[in-house]
Amino acid sequence: MAEPAATAAPTPPKALSAPQKAMHKLGLKRDIDLALHLPLRYEDETRVMALREAREGSVVQIEGTVTHSEVQYRGRRQLLVTLDDGSDTCTLRFFSFYPSHQKTLAVGARIRARGELKGGFAGYTMLHPAFKLAGGELPNALTPIYPTSAQLPQAYLRKAVVGALARVDLRETLPPDLLASLQRTARVSPTLRESLQQLHHPAPDVALAALEDGSHSAWQRLKAEELLAQQLSQALAKRERDALRAPALPLRREGLHEQLLAALPFALTAAQRRVGEEIALDLGRQVPMHRLLQGDVGSGKTVVAALAAAIAIDAGWQCALMAPTEILAEQHFRKLIGWLEPLLEPLGKRVAWLTGSQKKKQRAEMLALIASGEAALVVGTHAVIQDQVVFQRLALALIDEQHRFGVAQRLALRGKTGGALEPHLLMMSATPIPRTLAMSYYADLDVSTIDELPPGRTPIVTKVVSDARRAEVVARIRGQIDEGRQVYWVCPLIEESEALDLSNATATHAELSQALPGVLVGLLHSRMSPAEKKAVMSLFEQGQMGVLVSTTVIEVGVDVPNASLMVIEHAERFGLSQLHQLRGRVGRGAAASACVLMYSPPEGGRLGETARERLKAMVETNDGFEIARRDLDIRGPGEFLGARQSGAPLLRFADLATDTHLLDWAREAARTMLDQHPREAEQHLARWLGSKAEYLKA
Ligand code: ADP
Ligand code: MG
């Protein structure tokens, strides 16, 4: 179909019309964007049904002559139009209408109307049907209904898509051998063009169910291509990094690493030994390590990180250790520093701290230590990777809770080796990545997994109770305190209102202080200065404080083995992995520990479906891997990844839960393509990622 250039051209002329602006806002700029903007659903306008044959309650298209048209005031002002199609008549009823509608629907006009056919006493009726003047041929494909916005009419968008499909370059990027292997994997449309044609304008006899559930060959083709693009970009990133150079850090016998092992108050678990070896191997190579160390809360990742640091320092390089918040950095790494510092002293090396709240003078001292290389280990928050921080020779960066760091921050680490080399990178996370995600979004990341807890831990018992039973919970706290144990009480962060958040916690603090006479109840919240926070934390750590009320979730990163009860208020407001992390703060000693999830249903209502699923998952399992799987189920990969700021473009069409066969194919295909068909690989990436492809190369 020929299109007037003014309506279909997606490249912006000087002044954009309102619908063009709306299109740009939806990200529909290039022809390929429009070609990949797929319908939400379809309407069948390919057939006209005779009223005599139509079924009441179904959506049908009819065509007839207007025999009567009038505005009535039966309760409400309404336009009633009688349509006679020769087999029967039907009343079209409109409660909202314009003079132009009345004009089109004038007596004698021949009209095509589409809507739900209702039967009844007074004969057939249709309420607010879509209508137009009859004439012209019936379309021979289903009519697409696109996702759109208020400023962008369907008809305009449809034309734009038709125009884009006619112009867009969809030449085959799959080499014949890969196409053949794809066809062995799934039933797929032979070309991308055909696949898009079918998805935008399906034939009237298409299997609608297959279109809807994504099993249709047109969908399979599209998803396979999308996954291929994603795998290509991941593989490219990996290859580019493999071309970089890092300092090789050999593991020396009788070096710092062995000394640290000997100084530890416990033996490593088998899993810790295994991942330690994986990391040591990476460090020994001249290629920068890019590894994720995953292991459940309490599985002992910090020791493994310390051992890696020992290797780097032993080789004469510097190591940086970062956590998302100051308190976490401090609490988390105090042990590690306690182990390493005595070993560094004889070498004339020191540990430097860098935090946002440091005094100028102290900071200047630290910066000098880092620049001179005297600081072998640098510990802190993001402050560590700010521009002013110049390392003498950084070889290894360790990042705790990696999902809280953005890609940009990780990139900022580059160029801090003090030379042309890249530092090795080890990220730690307590939220394991399910296998399909590891294969797709994190394909360029090596993963080490600690899959066992240190011995002697008793499993945590988790209970869900309504806020109505608050008094029982307080009684339980009393019981724990009487046994010499300590208790955490977490109030949720209320995003919309920091003040409200604070007043809740303050009220809870007052309530508990009153209910538990003789017990020191502490309060920790986001408005406190680091010094104040530190003071509260240390009272809790030393055991003088029985209960710690806290608003700021992440800052409960403490390691207090004597704490045996965790109460989480408004647990329904937390994410699943957050709840799991919080729960991991107890059960660190041998004592039996419990986690109480208190919920408050909305007034007069029930908790939402997903909130209930989350709480149920918490009760049913203590296993971080199982939690991560369920989290992925509940939230879907988009949100799951969103929290991780992966920087990788999300999949629009493929679904990792159902399309693993295509993912497997795409992984293989990406490798073959980069090796044997680099030009096609580039074309494929440009088509699918557009401007994002450049970002990946940066
Ligand atoms: P996470 O993986 O959550 O960072 P940590 O490294 O903080 O876990 O370790 C949790 C606790 O277990 C710490 O007190 C740590 O000293 C202790 N720990 C680590 N490894 C072992 C081990 N192999 N045996 C006994 N205790 C261990
Ligand atoms: Mg940790």
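The values are calculated or read from the model by the stated rules, or taken from the named source; none is laboratory data. As the structure is a computational prediction, the values presented were derived from the model and not from experiment. Neighbour counts are summed over all protein chains in view; Cβ atoms, including those assigned to glycine, are modelled from backbone coordinates with ideal geometry.
Quick notes
- Some residue of the stretch 397-411 being more than 16 Å from ligand 1 (Cβ to nearest atom) and at pLDDT 75 or above: yes
- Flag for Leu244 being more than 30 Å from Ala35 (Cβ to Cβ) and buried (at least 17 other Cβ atoms within 10 Å of the Cβ): no
- Every listed requirement among (1) in contact (Cβ under 8 Å) with a residue 12 or more places away in the chain; (2) touching an Asp or Glu at 6+ places or on another chain (Cβ under 9 Å) is met by Phe97 save one, (2).
- Long-range neighbours under 9 Å by Cβ, at least six apart or interchain, first residue farther than 17 Å from Glu278 by Cβ within the stretch 293-319, second near ligand 2 (Cβ under 10 Å from one of its atoms): Asp296/Ala430; Asp296/Gly584; Val297/Ala430; Val297/Gln581; Val297/Gly584; Gly298/Ala430; Gly298/Asp559; Gly298/Gly584
- Any hit, the stretch 571-579, residues being modelled with pLDDT of 90 or more, away from ligand 1 (no atom under 16 Å from the Cβ), within 34 Å of the chain's Cα centre (by Cα) and farther than 30 Å from Ala590 by Cβ: yes
- Unmet criterion (only one of (1) within 11 Å of Val304 (Cβ to Cβ); (2) assigned to a loop (DSSP other than H, G, I, E, B)) for Gly276: (2)
- Among residues of the stretch 557-590 being crowded, with 18+ Cβ neighbours inside 10 Å and farther than 25 Å from Lys533 by Cα, the one that is nearest to ligand 2 (Cβ to nearest atom) is Leu576.
- On the stretch given as the stretch 514-552, residues that are over 17 Å from Val567 (Cα atoms) and part of a helix (DSSP H, G or I) total 12.
- Residue match in the stretch 223-233 (condition: in contact (Cβ under 8 Å) with a residue 24 or more places away in the chain, over 26 Å from the mean Cα position of the chain (by Cα) and crowded, with 23+ Cβ neighbours inside 10 Å): no
- The set of residues from the stretch 258-316 being within 14 Å of Met428 (Cα to Cα), of a type in the set (Lys, Arg) and away from ligand 1 (no atom under 13 Å from the Cβ) comprises just one member, Arg291.
- Qualifying residue in the stretch 197-213 (condition: more than 30 Å from Arg110 (Cα to Cα) and more than 32 Å from the chain's Cα centre (by Cα)): yes
- Restricting attention to the stretch 672-687, the residues being surrounded by fewer than 18 Cβ atoms within 10 Å (Cβ to Cβ) and within 26 Å of the chain's Cα centre (by Cα) number 1.
- Some residue of the stretch 273-288 being away from ligand 2 (no atom under 16 Å from the Cβ) and closer than 21 Å to Val390 by Cα: yes
- Test: Leu336 is under 23 Å from Ala248 (Cβ atoms) and surrounded by 19 or more Cβ atoms within 10 Å (Cβ to Cβ): no
- For first residues located in the stretch 595-620 and of a type in the set (Phe, Trp, Tyr), partners that are assigned to a loop (DSSP other than H, G, I, E, B) and lie 6+ apart or on another chain with Cβ distances below 8 Å form the pairs Tyr599/His570; Tyr599/Leu607.
- 1 or more residues of a type outside the set (D, E, K, R), modelled with pLDDT of 95 or more and under 24 Å from Gln61 (Cβ atoms): qualifying helices (runs of 4 or more DSSP H) within the stretch 162-218: 192-200
- For Ile313, the test of being crowded, with 24+ Cβ neighbours inside 10 Å and either more than 28 Å from the chain's Cα centre (by Cα) or outside the structural domain of Ala376 (by TED's automatic domain parsing) (or both) is passed.
- Residue match in the stretch 500-514 (condition: touching a Gly at 6+ places or on another chain (Cβ under 6 Å) and away from ligand 2 (no atom under 16 Å from the Cβ)): no
- The C-beta contact set for the stretch 139-151 (first residue buried (at least 17 other Cβ atoms within 10 Å of the Cβ), second residue among the aromatic types (Phe, Trp, Tyr), distance under 7 angstrom, 6+ apart or interchain) comprises Leu142/Tyr42; Thr143/Tyr42; Pro144/Tyr42.
- Flag if Glu254 is over 32 Å from the mean Cα position of the chain (by Cα), charged (D, E, K, R), farther than 21 Å from Leu354 by Cα and part of a helix (DSSP H, G or I): no
- Residue within the stretch 88-103 that is in contact with a strand residue (DSSP E or B) (Cβ under 8 Å, 6 or more places away or on another chain), exposed (fewer than 15 other Cβ atoms within 10 Å of the Cβ) and β-branched (Val, Ile, Thr) present: no
- The selection criterion, being touching a residue at least 24 places away in the same chain (Cβ under 8 Å), more than 20 Å from Leu656 (Cα to Cα) and within 30 Å of the chain's Cα centre (by Cα), does not hold for Lys159.
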